[in-house]
Amino acid sequence: MTRWLVGRTAQAAATFAVAILLLFVLMRIAPGDPLSRLVGDRGFSAEEIAALKARFGLDQPLTAQFRTFLAGAFRGDLGVSIEHYPERVTGLLASRLPATLLLGGTVLLLNFTLGVWLGVRQAVRRGSRFDRWTTRLALAGYATPSFWLGLVLVAFLSLRWRLFPAGQMSDPLLTADAGALERALDLLHHLVLPAATLSLTSIALTMRHQRAALLAVFRQDYVTAARARGLPERRVLWNHAWRNTLMPMITLLGLWLPILVSGSVFVEAVFNWPGLGSLAASAIAARDYPVLLGTAMLVSGAVILGGLLADIGYALVDPRARPA
């Protein structure tokens, strides 16, 4: 087991290294000038533009830029932001990461509590009115673009009915002497709409996976045997059936794990949520290579980590998946 874990971790590290190389090259060869927004119509001379390129290392060959980037990355330094100069990229990412972790963690919690519960109820009541209507509503939410749903929620729940804030993470009028409880309630008040937007557009996937996995288990012989022994249906459901649906749910959790660090670019932009998604959106518009590469590295690392943790989860849950 230890040998397999070391090998699987080394494979994940190699994948991450290849991903960094591809991200770096693709960003550099994409059309556009990262200094165009910085220079604008200010009438900089050729010498001043050359000095700007030298400041950000854009005057070096691509291989030299990559070596400089790797040397800094090994020291925990991802360079200086072009758009937010002279701020360091690591500082920008660190300041935005907690907001994205809060939003992504809330969405994951809703997806894998409410989504699993609804999927179980659908499977138990297969073909019922509850099953049909929850399936229709969930699939309608899944087919709805998240940015459009966010705009609709803002239009009705914020602008028309004034139930929730339209954006930001906290009330700018909140006084400095506000207590911890007041600040927490204000944060939750601002969190409702972006978390609901992401959850409503994604919970269908969890529901359908749970429903399909549980219906497949219901057809197994050991479930039929448990019912034939006269066990209560609740015990058959949770002790014999549901625990054997964990494998596909672990896969789904591994796929959803990157939302912890990526959030949603569109949803964060709609609600002006100060997370990594909105930072990445502004970096794309400004061609801010260092910030864009830093956010892409975090997302890539989360994707690879999700796959690694899913494989480890398989081995822990199902002895048949453990290496010999």
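The values are calculated or read from the model by the stated rules, or taken from the named source; none is laboratory data. This one's a predicted model, so the numbers in the text were calculated from it and none came from an experiment. Cβ sites come from the backbone with ideal geometry, for glycine too, and all protein chains shown count toward neighbours.
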Condition (residue is of a type in the set (Val, Ile, Thr), surrounded by 23 or more Cβ atoms within 10 Å (Cβ to Cβ) and touching a Phe, Trp or Tyr at 6+ places or on another chain (Cβ under 9 Å)) applied to segment 247-264: is it met by at least one residue?
no
Boolean, residue 104 is buried (at least 20 other Cβ atoms within 10 Å of the Cβ), within 27 Å of residue 234 (Cα to Cα), touching a residue at least 24 places away in the same chain (Cβ under 8 Å) and of a type in the set (Gly, Ala, Ser):
no
Could you list, in sequence order, all residues of segment 225-282 that are in contact (Cβ under 8 Å) with a residue 24 or more places away in the chain and either among the acidic types (Asp, Glu) or at positive phi (or both)?
263, 268, 272
Just to be sure before I move on: is residue 76 under 23 Å from the mean Cα position of the chain (by Cα) and either surrounded by 18 or more Cβ atoms within 10 Å (Cβ to Cβ) or closer than 30 Å to residue 206 by Cβ (or both) in the structure I sent?
no
Wholly enclosed helices (runs of 4 or more DSSP H) of segment 241-324 bearing at least 2 residues hydroxyl-bearing (Ser, Thr, Tyr), at pLDDT below 80 and farther than 23 Å from residue 111 by Cα:
none
Yes or no: segment 228-240 includes at least one residue that is closer than 24 Å to residue 12 by Cβ and not in a helix (DSSP H, G or I).
no
What tally of residues in segment 165-193 results from selecting those that are under 30 Å from residue 208 (Cα atoms), surrounded by 15 or more Cβ atoms within 10 Å (Cβ to Cβ) and not β-branched (Val, Ile, Thr)?
3
Which one of these is closer than 20 Å to residue 305 by Cβ and either touching a residue at least 12 places away in the same chain (Cβ under 8 Å) or in a helix (DSSP H, G or I) (or both): 19, 50?
19
Any residue in segment 59-73 that is surrounded by fewer than 14 Cβ atoms within 10 Å (Cβ to Cβ), under 28 Å from residue 302 (Cα atoms) and among the hydroxyl-bearing types (Ser, Thr, Tyr)?
yes
Please go through segment 1-56 and give me each residue that is over 31 Å from the mean Cα position of the chain (by Cα) and either surrounded by 12 or more Cβ atoms within 10 Å (Cβ to Cβ) or of a type in the set (Asp, Glu) (or both), ordered by number.
39, 41, 44, 47, 48, 49, 50, 51, 52, 53, 55
